[in-house]
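> My questions all concern the structure below.
Quick note: the coordinates plus some simple rules give every number you see, no bench work behind them. Just so we're clear, the structure is a prediction, and the values are computed from it rather than from any experiment. Glycine also receives a Cβ, built like all others from the backbone with ideal geometry; neighbour counts cover every protein chain displayed.
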Amino acid sequence: MSYEGEMLKKLRMPAKKEVEEALLKILIKHNGTIKEFATGEEIVDELADVFSLNEEQRRAVLERIYKKENRIVKTPLWHRLLYRAADSLAKDKFVTRPTTTIRLTNKREWMLTEDGVDKAINLLKIPATQKDILPIKSYEVQKLVNKIKSTPSPEIYDPFENQRRKKTITKELSIRSRGFRQVVIESYDYRCSVCGLKINSPDNLYWEVEAAHIVPHSKKGKDDIWNGIALCHLHHWAFDVGWFSLTDDFKILLSTKYDRIPNNYGKTGNIDFLKGAITPNKPLVLPEIKSLNPHKASIQWHRENIFYK
């Protein structure tokens, strides 16, 4: 048995397989990415807490002689075990190594792949049907997001999907759907563009804000940023049913039918949830990158086909 193996056995450290599974689970909690296992990084202690490691297990070090410089190199044993587990996941293509991720995000992080997401949600017993609404970054989805963000807004744009949709959900369609969702809610800083609401679930798995299609999916609206807008649940519904629309310069148009709503509708106490935020001529909160704004062609279609003037 190697010196490292003897140390692991003596200190009763977790098995590498157990650490691999813990890494996959915690990657979901951290939305698909975690930092490298450097000293002082919170992720190192967070994972140690998963296994209830004692101080000796957390502080133990491996010592080896670096012959070239004739000096002793000390490596924390727990860090070493974390790296070996993550490296094993990378070999199985469940995560990408920091040396790969940095080329995509400019950050040295371990990132889930699509196969890694599938493996992790299975371990967590999250239904596969929930995958498309989880705000989890995968390497493949992030590649698509980067491509969308770097594409200039087209002058002429057709917001309709002309290709026939497949009835079965393929991996490609799932990536496209999640890429659309991720780029929209990221571009709007996870806020509703109408009321500014920004909040997520206690476990950090779900954002309240949604990526709304301007030309609806049911009408074959495209899954891309120029046919998307970030809205909270309430204002997503109000937009979809036509209570409000937008001008070409991204200001709110409120349906004249709103004045006919009974006084006890749309309110909780004295708070008017609709009209309180949906103020005529109020400008939307838009992405910092102008090329990610909704396209006028999508907005015009919504005004003419969904909005109740």
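> If each DSSP helix of 4+ residues adds -39,500 (n - 2.57) and the sum is divided by the residues in the chain, what number results at 222 nm, nearest 500 deg cm²/dmol?
My calculation for the chain gives -11000 deg cm²/dmol from helical runs alone.
> Please find the FRET efficiency linking Glu56 to Lys93, where r is the Cβ-Cβ separation and R0 is fixed at 41 Å, and quote it to the nearest 0.05.
0.75
> Using the charge dipole of the chain (Lys, Arg: +1 at Cβ; Asp, Glu: -1 at Cβ; taken about the Cα centre), state which of Gln57, Cys195, Gly5 has its Cα farthest towards the positive end.
Gly5
> Before anything else, pin down the relative contact order of the chain: Cα pairs under 8 Å, at least 6 apart, normalised by residue count, whole percent.
Computed over the chain, the figure is 15 percent.
> List the aspartates and glutamates whose alpha-carbon lies under 15 Å from that of Lys91, not counting same-chain residues fewer than 8 positions away?
Within reach: Glu20, Glu21, Glu114, Asp115.
> Turning to a different aspect of this structure: Taking the Cα centre of segment 197-309 as origin, sum charge times position over the Cβ atoms of Lys and Arg (+1) and Asp and Glu (-1), and report the length of that vector in debye to the nearest 20.
Dipole size: approximately 420 debye.
> Of Lys10/Lys107; Lys29/Lys74; Lys222/Lys251; Lys147/Lys171; Lys137/Lys282, which sit over 25 Å apart, Cα to Cα?
From Lys10/Lys107; Lys29/Lys74; Lys222/Lys251; Lys147/Lys171; Lys137/Lys282, over 25 Å: Lys10/Lys107; Lys29/Lys74; Lys137/Lys282.
> Given N residues in segment 145-305, what is Rg(Cα) / (2.2 N^0.38 Å)?
In units of the globular-protein estimate, segment 145-305 measures up at 1.06.
> Take the Cβ-Cβ distance between His233 and Lys74 as r, set R0 to 51 Å, and report the resulting FRET efficiency rounded to the nearest 0.05.
According to the calculation, E is roughly 0.45.
> How large is the convex hull of the Cα atoms of the chain per residue, expressed in Å³ as a whole number?
180
> Relative contact order for segment 145-305: what percent, with Cα pairs under 8 Å and sequence separation of 6 or more?
Reported as a whole number, the value is 27 percent.
> Now, a different point. Each residue of segment 263-273 in turn: what ³J(HN,Hα) in whole Hz from Karplus with 6.51, -1.76, 1.60 and θ = phi - 60°, glycine and Pro shown as x?
4, 8, 9, x, 10, 10, x, 9, 8, 9, 5
> Report the residue, chosen from Gly266, Gly242, Gly116, that carries the largest GNM mean-square fluctuation when the chain is represented by alpha-carbon nodes joined by springs under 10 Å.
Of Gly266, Gly242, Gly116, the Gaussian network model singles out Gly266 as fluctuating most.
> Given a Förster radius of 51 Å and the C-beta distance between Glu18 and Ile271 as r, what FRET efficiency does 1/(1 + (r/R0)^6) yield to the nearest 0.05?
0.55
> Taking 7 Å along the Cα-to-C-beta vector as the label spot, tell me the Glu304-Asp45 distance in nanometres, rounded to one decimal.
6.0
> Right, another one. Nearest 10 degrees is fine. How inclined is helix 114-123 to the longest principal axis of the chain, computing both from alpha carbons?
Roughly 80 degrees, rounded to the nearest 10.
> Between Lys149 and Leu123, what is 0.36 nm times their sequence separation minus the Cα-Cα distance? Round to one decimal in nm.
Stretched fully, the Lys149-Leu123 segment lengthens by 6.1 nm.
> Below 8 Å, C-alpha to C-alpha, sequence gap of six or more: please give me the relative contact order for segment 3-126 in percent.
30
> Mind checking the full-extension length gain between Asp248 and Asn281? Use 0.36 nm per residue of separation minus the Cα-Cα distance, one decimal, nm.
Stretched out fully, the Asp248 to Asn281 stretch lengthens by 10.7 nm.
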